[in-house]
Amino acid sequence: MVDFRNIVVGGVSFRALRLRARTTLVRWHVGSSDPAHPPTLPLDAGPAIDWSSEGRAGVVAVFNGGFKQAANAGGSQVDGVTLVPMLAHRMTIALDAAGHWAMGLWDSPNFPPRGFQAIAYRQNLVPLVWNHRVTAAGMSSNWRQWGDPLGEVPPEPRSALGVDARGNLVYVATMHPILAPALGAALVQAGAVMGMELDINPYWPILGAPFAPLHRPGTLPVQLPLAQHSPTIYETGWERDFFVALAEPNAWRCEWTSAGLRAPLGRPQPQPLGEHCGRRTPTPNPSTTTSSPGSTTLSTVAP
């Protein structure tokens, strides 16, 4: 379901975590203070792991989200509620009711993929990796477009999220001070065909994974070396948004899924997970056909 390794770029070590598309699902959670959200936001999207439903499936990884709302790096939606308005030309990860993911550019023709009905979106800046390469923006000397560093010192600990050629989700991060080109290079080395930067600065990158799925609060020994926080903070509540990866059922005909969204939107629609057995929903898989970030996203294909 999950594997991890260390990647070295320019003498800097990165921790890389890969989530298998066939055997894991992902949910996005809002922090207690950022982004701002209504007090009625359901447990499945709240500031702590929802052990009542996510614990049934089994937690296999947790990791940090993107920039603060005030950074104007992009929008977010969850459970039928727009928390921050979506922005054009921002790299976006979309999650559907079954926890499948799709990544691409908001407002591009094929994103989300046809038939993909998302219950959550999270944006963060422009693409860092596209078509197996670090983008021109990622290689630019304009370091300010990749976040506001502490003390105006551009090298910072950074994290990123991408999708590989098989549709697996890849997270990379380091607590060593780096710039965006090194982060993008680490994503590419981890196999990403497209990717986005997540949060930066020493206080925010957090990663955790257990050796077996957790059905209740427990230890997360696979971590980001030198991180300032234990990933167990996600078990009880954290101030910033984060992602939770869960284990699919052992039976290939079964999957964890939720109700999905119904019109009208604008009010929270709880999405607790339940086990569904039958024909599995196809998992999105990336299809890159051009180097232009504005013209290619993801297509839905059979796994």
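Could you tell me which numbered condition Leu273 fails, if it satisfies all but one of (1) modelled with pLDDT of 95 or more; (2) more than 21 Å from the chain's Cα centre (by Cα)?
Status for Leu273: all satisfied but (2).
Can you name the number of the only condition in (1) acidic (Asp, Glu); (2) at positive phi; (3) under 17 Å from the mean Cα position of the chain (by Cα) that Asp96 fails?
Exception for Asp96: condition (2).
Out of all the residues in segment 217-240, is one or more at pLDDT 95 or above, closer than 20 Å to Ala98 by Cβ and either out of contact with any strand residue (DSSP E or B) (no Cβ under 9 Å at 6 or more places or on another chain) or of a type outside the set (Ser, Thr, Tyr) (or both)?
no
Could you check how many residues of segment 56-89 are of a type in the set (Lys, Arg) and under 14 Å from the mean Cα position of the chain (by Cα)?
The qualifying residues number 0.
Every residue, every condition in (1) in contact with a Leu (Cβ under 8 Å, 6 or more places away or on another chain); (2) touching a residue at least 40 places away in the same chain (Cβ under 8 Å); (3) of a type outside the set (Phe, Trp, Tyr), yes or no:
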| position | (1), (2), (3) |
| --- | --- |
| Arg20 | no, yes, yes |
| Trp28 | yes, yes, no |
| Gly58 | yes, yes, yes |
| Gly65 | yes, yes, yes |
| Ala70 | no, no, yes |
| Val78 | yes, yes, yes |
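For the list (1) in contact with a strand residue (DSSP E or B) (Cβ under 8 Å, 6 or more places away or on another chain); (2) assigned to a loop (DSSP other than H, G, I, E, B); (3) surrounded by fewer than 16 Cβ atoms within 10 Å (Cβ to Cβ), I need the number of the one condition that Gly66 fails.
Result: Gly66 passes all but (3).
Tell me the residue from Pro85, Pro47, Pro39, Pro35 that is free of Cβ contacts under 8 Å to residues at least 40 places away in the same chain and under 24 Å from Pro272 (Cβ atoms), please. Before you say what the answer is, go through the steps one by one.
Numbers: Pro85 fails: under 24 Å from Pro272 (Cβ atoms); Pro47 fails: free of Cβ contacts under 8 Å to residues at least 40 places away in the same chain; Pro35 fails: free of Cβ contacts under 8 Å to residues at least 40 places away in the same chain.
Exactly one of Pro85, Pro47, Pro39, Pro35 is free of Cβ contacts under 8 Å to residues at least 40 places away in the same chain and under 24 Å from Pro272 (Cβ atoms), namely Pro39.
Looking at Arg122, Arg114, Arg56, which is the one that is surrounded by fewer than 20 Cβ atoms within 10 Å (Cβ to Cβ) and either assigned to a strand (DSSP E or B) or at pLDDT 95 or above (or both)?
Checking each option against the conditions leaves just Arg56.
Hey, which of the strands (runs of 3 or more DSSP E) in segment 156-265, taking only ones fully inside, have at least 2 residues that are buried (at least 23 other Cβ atoms within 10 Å of the Cβ) and under 14 Å from the mean Cα position of the chain (by Cα)?
156-164, 169-178, 192-200, 207-209, 242-247
The values are calculated or read from the model by the stated rules, or taken from the named source; none is laboratory data. These numbers were taken from a predicted model, which means no experiment stands behind them. A quick note on method: Cβ atoms are made from the backbone with ideal geometry, for glycine too, and the neighbour counts reach across all protein chains shown.
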